[in-house]
Each structure stands twice: as C-alpha cells, then as structure tokens.
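Encoded as structure tokens, the structure appears first; notes follow it.
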Amino acid sequence: MAAPKPLSRFWEWGKNIVCVGRNYAEHAREMRSAVPREPVLFLKPSSAYAPEGAPVFVPPYTRDLQHELELGVVVGARARAVPEAAAMDYVAGYALCLDMTARDVQDECKRQGLPWTLAKGFTSSCPVSAFVPKARVPDPHRLRLWLRVNGELRQQGDTAAMLFSVPYLVSYVSRVLTLEEGDLLLTGTPEGVGPVKEGDTIEAGIEGVVSMRCEVRPWQA
C-alpha cells in the first residue's frame, strides 16, 4: 500500500466524507432517537472540510449551530466490499473531526422526512485536525475525546462506547459505496452535543494524541 498523502491536502484528493449517525447509545438517547441496529449513514460534500485552524462559519438559516465531536478514520487505499477481518488494512490513520450541525434545521428535516444536507453539509461544517498515522493509535477503541467551548468542558467520551467498531464500519460502508484513498469516515459522536455562537472558540482533542482549535464566525459568501 502506498504511503498516504498529507491530510492537509484532503480537499484536493479526497472524494467522500462519510458520516455515521447515532453510533453512541447515550447520544441517540439525548437526541430522543432509537438506538440503531445497523449504521446510520449520511454524506458531507468535500467543501465541508475545514483544515486545522480554519474558522467555522454560521449558516444564515440556522439559530442553533451545535458541535458534535468525532473520531475520523482516514482511508489509505481503495476499498470495495472489504471483509471486516481485513478492514484495518485499509486504514491509513485517524483525525479528530467536528460534525457541525444546524440542529433546528435538522429537526425540521426529520419532521418532514427530508434529507439532512442543509443541516450537515454547509461550507466549513467538518473541521478536521492534523493527520494521525495509524501506528500512533494501537487501538482506536481506547481513545478519550474531549471538547471545550471558551474554555468550558462541554463534551467528552470514550470510543470504547461506540456501537459499531472501526473495522465493522469500514467494511459496512465499503459494501455500500467504494471508498477511495483519502476518504474520511466520521464514526459518530458521544453525548454532550451543544450550541455555539459567533465569537466562540472551540478546542477539542483526542487525549494524548492530537488537538485542534477553531473560531466560530459569521457567514461569508
């Protein structure tokens, strides 16, 4: 397998940002949603990607922008219908990601049975940390995630609580759509999601591995 390209160039060569919803039971409950029996998938466009240090822009059509802290899996090779037992061979590494969500818009989409694109896919809705090579993370299911807003701890969780493991998700997604080198798979958020507003500073990290920081700013056309 060829060495993965730097994640900072993701926007030039990545094609997919695949997201998993409700992969933590407590988050499903805080959203008053059923705990799923199989992964819930949705997509973000590549323009949602915001590299380390880039701002998060508040869409003009939301009054309730919320943070969702997630472990991201970076795909290292083309994967199609990959068996779960071989799935980790297709993982190049990891990143810390935020699935920024216009919650009021998402709630309305749910009520009307509509897709979540307006709520999840806007520009800058996927801040991503520096790339972490797989060798630095012996077990992605033993990681502690944390997020602070203006210095206040808002969200924390352990990847051990994921309902569906990293290899299961890679295998499952690869049987739905072909994953390409550089694609990003967001593995779901633990409980504790909450609102941010213009002027806020978000700091987040994988304990002992990587951290990131971004500012929330007014929408720019």
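Figure legend: label point modelled 7 angstrom from the Cα of A81 along Cα→Cβ; residues of segment 173-198 with amide N under 20 Å from it are 173-181. For the pair V176 and L153, label points projected 7 Å from Cα toward Cβ lie 3.3 nm apart.
Enumerate by residue number the chymotrypsin sites (Phe, Trp or Tyr not before Pro) in segment 54-159 meeting two conditions: DSSP loop (anything except H, G, I, E, B), and at most 15 other Cβ atoms within 10 Å of the site's Cβ. Passing both the DSSP loop test and the Cβ count: Y61.
Centroid-to-centroid, using Cα positions, segment 178-194 and segment 71-132 are 3 Å apart.
Among L145, L118, L71, the residue with the largest mean-square fluctuation in a Gaussian network model of the chain, with springs joining Cα atoms closer than 10 Å, is L118. Residues whose amide H lies under 5 Å from that of L143, counting only those 5 or more places away or on a different chain, are T159, A160; hydrogens are built 1.01 Å from N in the peptide plane. Computed from label points 7 Å out along Cα-Cβ, the spacing between Y168 and A221 is 4.7 nm. With N as its number of residues, segment 36-176 has a Cα radius of gyration that, divided by 2.2 N^0.38 Å, comes to 1.10. Remark on T178: its backbone amide H falls under 5 Å from none of the residues 5 or more positions apart or on other chains, H modelled at 1.01 Å from N.
Please report the net charge: other residues with Cβ closer than 14 Å to the Cβ of Y24, K and R +1, D and E -1. Mind dumping the intermediate values first?
On the way: positive: R22, R29, R144; negative: E26, E30, E68, E70, D99, D158, E191.
Summing Lys and Arg as +1 and Asp and Glu as -1 gives -4.
Comparing R29, R103, R154 in a Gaussian network model of the chain, where Cα atoms under 10 Å apart are tied by springs, the biggest mean-square fluctuation is seen for R29. A simple rule links phi to the HN-Hα coupling: the Karplus curve 6.51 cos²θ - 1.76 cosθ + 1.60 with θ = phi - 60°, which for segment 207-213 gives 3, x, 10, 7, 9, 8, 8 Hz, with x for Gly and Pro.
Based solely on its DSSP helices, what 222 nm [θ] is calculated for the chain when runs of n ≥ 4 H residues each add -39,500 (n - 2.57) and the sum is averaged over all residues, nearest 500 deg cm²/dmol? Mind showing how you got there, number by number?
On the way: 5 runs with 33 residues, N = 221.
My calculation for the chain gives -3500 deg cm²/dmol from helical runs alone.
In segment 137-221, the inverse of the mean reciprocal separation of distinct Cα atoms equals 14.9 Å; this is its Kirkwood hydrodynamic radius. How are the alpha carbon pair distances in segment 32-113 distributed across 5 Å bins from zero to the largest one, expressed in percent? With 5 Å bins starting at 0, P(r) equals 3, 10, 14, 23, 19, 13, 12, 6, 1. Enumerate the residues in segment 134-153 having an amide nitrogen under 19 Å from the point lying 7 Å beyond the Cα of R213 toward its Cβ. Correct set: 146-153. Counted by Cβ distance under 10 Å from G199, the other residues give a net charge of -1, where Lys and Arg count +1 and Asp and Glu count -1. Against the main long axis of the alpha-carbon atoms of the chain, helix 103-112 sits at an angle near 80°.
Throughout, read-outs are computed from the coordinates displayed, never taken from laboratory work. Predicted, not measured: the structure shown is a model, and the values here were computed from it. Note that each Cβ is placed from the backbone with ideal geometry, even for glycine, and that neighbours are counted across all protein chains shown.
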